[in-house]
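Structure record follows, encoded as structure tokens.
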Amino acid sequence: MVSASGAPSMVEVVTRLVGDYTSKTPEKLKLIDSYLGYIMFTGIFQFVYCCLVGTFPFNSFLSGFISTVASFILGVCLRIQTNPANVAVFKDISVERAFADFIFAHCVLHLVVLNFIG
């Protein structure tokens, strides 16, 4: 259904977006997207919990929230590097190397987070 201005309706846009995502996105990227969704939900849950209950062990809240934000950023970097549409941009980086960089950065991140908690 097209609106009076000639632009497609919001339902059509969302339907096409979901249809294109399910049909054109590789399974590996869908797996990374589900990880990103989980990490985003975890960060939102931590923030809401902090707002409702309080920040008594502030270092714990801060390290947990920083961990979720940094994990999300690392996941986005992994998604960008492993996306087949970006092969020309990342021609020197294989999928295996991108994943190894992701794992190494996560190890460093969690060492910093554990050190920050004390």
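The values are calculated or read from the model by the stated rules, or taken from the named source; none is laboratory data. Just so it is clear, the model here is predicted, and its values are computed rather than measured. Side chains are part of the model used for accessible areas, which takes the heavy atoms of the whole protein and leaves out ligands, DNA and RNA. Shrake-Rupley method; radii C 1.70, N 1.55, O 1.52, S 1.80 Å.
Along its first, second and third principal axes, ordered by size, the chain spans 58, 43, 20 Å in Cα coordinates.
Against the main long axis of the alpha-carbon atoms of the chain, helix 10-24 sits at an angle near 80°. Divide the volume of the convex hull around the Cα atoms of the stretch 18-72 by the residue count and you get 69 Å³ per residue.
Taking all protein chains in place and a 1.4 Å probe, what share, in percent, of the accessible surface of the chain do carbon and sulfur account for?
Numbers: 6360 of 8590 Å².
It is 74 percent, rounded to a whole number.
Surface analysis of the stretch 30-104 yields an accessible area of 67 Å² per residue, using protein heavy atoms and a 1.4 Å probe. Expressed as an acute angle from 0 to 90° and rounded to the nearest 10, what is the orientation of the C-alpha long axis of helix 27-53 relative to the principal long axis of the chain? The angle comes out at about 50 degrees.
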